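What follows is a single structure, written as structure tokens, with notes after it.
The values are calculated or read from the model by the stated rules, or taken from the named source; none is laboratory data. Nothing here was measured: the structure is a model prediction, and the numbers come from that model. Because the Cβ atoms are built from the backbone with ideal geometry, glycine has one as well, and the counts that use them run over all protein chains shown. Just the protein is used for accessible areas: all its heavy atoms, side chains included, with ligands, DNA and RNA removed. Shrake-Rupley method; radii C 1.70, N 1.55, O 1.52, S 1.80 Å.
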Amino acid sequence: EFRRVLFRSMIGAALFGRSLDNLLNVNAGFRQEGLLLVTMDLNGANITAPRLQDFRSATLDRIRELPGVVGAADTFVIPVGGNYWRLALRVGGNEPRKSVFNWVSPGFFQTLEIPMLSGRDFSAQDSAPSPKVVVVNQAFAKEFFAGADPIGRTFQSVAEPDNPETTYRVVGLVKNAKYRDIREEFQPVVYAPESQHAAFYTYHTMLVRSRAPIASLIAAVKETIGRANPEIAVDFDMIRNMVLRNMVRERLMATLSGLFGLLAAVLATVGLYGVVAYMVVRRTREIGIRMALGAEPPGIVRMVLREAITLLGVGLAAGAVLAWFLVDYAGKLLYALPPRDPASFGAAALVLALAVLAAGYIPARRASRLHPMSALRQE
């Protein structure tokens, strides 16, 4: 029973460790490293709605001129930040379907390094009075336009209390990128220019990509915003750090299961060492007789290790069967990994086998060095 528990612990460690590794290396559709999130609190800054767009554009222009900055853009929804904005859309006479939206400034895709596949980015000409334009991702083109080229196509948003019916024209197509959560599958996303979004919000978010050291970048951005309006409160975060904080559950499970797995390996090694050592002591006379009759030391080692391997095989078989039926409970905690992942089962079995063989080899080696006469005198 003890060996079965140890093996299940090691399987859990392998599963949660591989799940966390999958999550840390998932393709988000944009490069997270080097991307600074700037949040500005406009309460008390005396910036009215008519002046907001000019303030945004002027601030972005100043930040783009900072040393080391390679891209800067405004965004309404923070990528993989947990929030979302969803509208019901209708293409032609089809039934409405919902898609998430984000309002961004020109340069957003360049800043996040999301490749533009066709069409164009937003520009200063996409102002509030001009026709409403959008950029969509591959998932949107596949679901709403059956995979056809979306450039030039139009769709309408369904009228809601806070959003009148609006016709949008697609001017660009970009690669898929995660929207709300790093764990989600790629979903249809519509990007619209913030200059055509009439709502006024007291919190404003900006993304800045730079080659400069993060400390100097934060100081420069803070100074730039302070010169524009000293009443604006500014907060900073790194997108990669934000993503890692959102993985606290997976990191905790991987850490705890890893510690239990390590403890399992240590206990398996110590336990089997004691069992095999006791077995060798009990069979000292038998080993002496075998050696007196011509048994060689390698043969004695193999004999003792066969006993250890038998114990190992029983524990692995029983533990694997129980774990096979119990891992379904962990399925919802894993990312991009089936709960009955053969590689995880195999890795756990291999580690436990190596630990057991290492533990069994020491007393086996000691038994092979016994002098036959000394062994025969043992009671």
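Miscellaneous remarks
- Being open to solvent by less than 30 Å² (accessible area, probe 1.4 Å) and within 22 Å of ILE114 (Cα to Cα) is a property that PHE30 has.
- None of LEU37, LEU66, LEU87, LEU52 is among the aliphatic types (A, V, I, L, M), open to solvent by less than 60 Å² (accessible area, probe 1.4 Å) and in a helix (DSSP H, G or I) except LEU52.
- Members of segment 69-80 found to be more than 30 Å from ARG249 (Cα to Cα), crowded, with 17+ Cβ neighbours inside 10 Å and among the β-branched types (Val, Ile, Thr), listed by number: VAL69
- Any hit, segment 169-184, residues being touching a Lys or Arg at 6+ places or on another chain (Cβ under 7 Å), open to solvent by less than 30 Å² (accessible area, probe 1.4 Å) and under 23 Å from SER57 (Cβ atoms): yes
- Selection of segment 283-298 for residues being exposed (fewer than 14 other Cβ atoms within 10 Å of the Cβ) and not in a helix (DSSP H, G or I) yields LEU293, GLY294, GLU296.
- Cross-chain or 6+ apart pairs with Cβ under 6 Å, segment 305-322 first and under 26 Å from ARG340 (Cβ atoms) and acidic (Asp, Glu), then part of a helix (DSSP H, G or I) and open to solvent by 30 Å² or more (accessible area, probe 1.4 Å): none
- The strands (runs of 3 or more DSSP E) found entirely in segment 123-235 that carry 3 or more residues being closer than 22 Å to ASN27 by Cβ and in contact (Cβ under 8 Å) with a residue 24 or more places away in the chain are 133-137, 166-174, 189-193.
- Residue that is least open to solvent (accessible area, probe 1.4 Å), among those in segment 105-122 that are over 23 Å from the mean Cα position of the chain (by Cα) and within 15 Å of VAL170 (Cβ to Cβ): PHE122
- For ARG249, the requirement of being modelled with pLDDT under 80, of a type in the set (Lys, Arg) and open to solvent by 20 Å² or more (accessible area, probe 1.4 Å) is not met.
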